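Peer 1: I am attaching a structure below and will ask some questions about it afterwards.
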Amino acid sequence: MNADAKKAVLRMIPYGIYVLTADDGKGNVAAATVNWVTQTAFAPPLVVVGVKTDSGAYQAVKSAKAFALNMLGKEGKGLAFTFFKPATVADGKISGQAYAKGTTGAPLLEAAAGAVECKVTTIVEQGDHHIVVGEVVEAHLPKPFTGRPDAAILEMKELGDNVFYGG
């Protein structure tokens, strides 16, 4: 396989930007910027997310069996970059960001455009990112907006010419 072609073609897949959060209830709170996310079913509503297996976020999700996907709006570039590195919890904030606990215990970022809380139903353990399947059990939309919901989400391409994931 031509490695350059593979990289270019796989980078043609558009990606939204999200912050996955989890709290295992044992003092392990995690938050990480993720982009391999999609909805896979309507009934029940299911989403999948690829989570790097050596990350604190993966360990917290696996232990908690729940997570939240915090949707980043177009103004969320700073949040995306904040959670590219391991999160810290201090003064009631995650990496300096205010949050509240959701019904699953997962942190909900106050600056997010919206969020879904999920209970883990399955983890597919293949590759360097495992696929976590979550059933959406709660949805949060702090402020109404107009237009298409998918047009409101921050996309990978909006983070700059040198930010890629995939390939």
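Peer 1: How far, in nm, would the chain grow between R148 and N28 when pulled straight, counting 0.36 nm per residue and subtracting the alpha carbon separation?
Peer 2: Here the answer is 39.6 nm.
Peer 1: What FRET efficiency do you get for K101 and F42 if R0 is 35 Å and r is their Cβ-Cβ distance, rounded to the nearest 0.05?
Peer 2: 0.80
Peer 1: Also, quick follow-up: Would you mind computing Rg(Cα) / (2.2 N^0.38 Å) for segment 21-81, counting N as its residues?
Peer 2: This ratio for segment 21-81 stands at 1.19.
Peer 1: Now for a different question. May I ask for the longest run of the chain untouched by GluC sites (Glu not before Pro) that are loop-located per DSSP and have at most 13 neighbouring C-beta atoms (other than their own) within 10 Å?
Peer 2: 1-74
Peer 1: Where does the charge balance sit around D24 when Lys and Arg score +1, Asp and Glu -1, over other residues with C-beta under 14 Å from its C-beta?
Peer 2: Taking every other residue near D24 into account, the sum is +4.
Peer 1: Let me ask another. Could you work out the pair-distance distribution P(r) of segment 74-167 from its alpha-carbon pairs, with 5 angstrom bin width and percents rounded to whole numbers?
Peer 2: Reading upward from the zero bin: 2, 10, 16, 18, 24, 20, 8, 1.
Peer 1: Evaluate E = 1/(1 + (r/R0)^6) for I13 and A139, where r is the Cβ-Cβ distance and R0 equals 22 Å; express this FRET efficiency to the nearest 0.05.
Peer 2: Efficiency, from the Cβ-Cβ distance: 0.35.
Peer 1: Gap in Å between the Cα centre of segment 76-142 and the Cα centre of segment 23-70?
Peer 2: Answer, in whole Å: 7.
Peer 1: For the chain, the longest stretch holding no chymotrypsin sites (Phe, Trp or Tyr not before Pro) located in a DSSP loop with at most 13 other Cβ atoms within 10 Å is which?
Peer 2: Result for the longest clean stretch: 85-144.
Peer 1: With Cβ to Cβ distances under 13 Å as the rule, what net charge do the other residues near N35 carry (K, R +1; D, E -1)?
Peer 2: Every neighbour counted, the sum reads +1.
Peer 1: Take V124, project a point 7 Å from its Cα along the Cβ direction, then tell me which residues of segment 49-64 have their backbone nitrogen under 12 Å from it.
Peer 2: Counting only backbone N, you get 49-51.
Peer 1: A follow-up question, please. Stokes-Einstein diffusion coefficient for segment 1-153 at 4 °C in a medium of 1.567 mPa s, Rh from the Kirkwood formula over Cα pairs: what value in µm²/s?
Peer 2: The Stokes-Einstein estimate is 82 µm²/s.
Peer 1: Starting from the coordinates of the alpha-carbon atoms of segment 100-147, obtain the Kirkwood hydrodynamic radius over all distinct pairs and give the value in Å to one decimal.
Peer 2: When all Cα pairs of segment 100-147 are included, the Kirkwood radius is 12.5 Å.
Peer 1: So, one more: Report the accessible area of S63, computed with a 1.4 Å probe over the heavy atoms of all protein chains in place, in Å² rounded to the nearest 10.
Peer 2: 50
The values are calculated or read from the model by the stated rules, or taken from the named source; none is laboratory data. This structure is a prediction, so every number in the text was calculated from the model and none was measured. Reconstructed Cβ throughout: ideal geometry from the backbone, glycine too, with neighbour counts over all protein chains shown. SASA here: full protein model, heavy atoms, side chains in, ligands and nucleic acids out. Shrake-Rupley method; radii C 1.70, N 1.55, O 1.52, S 1.80 Å.
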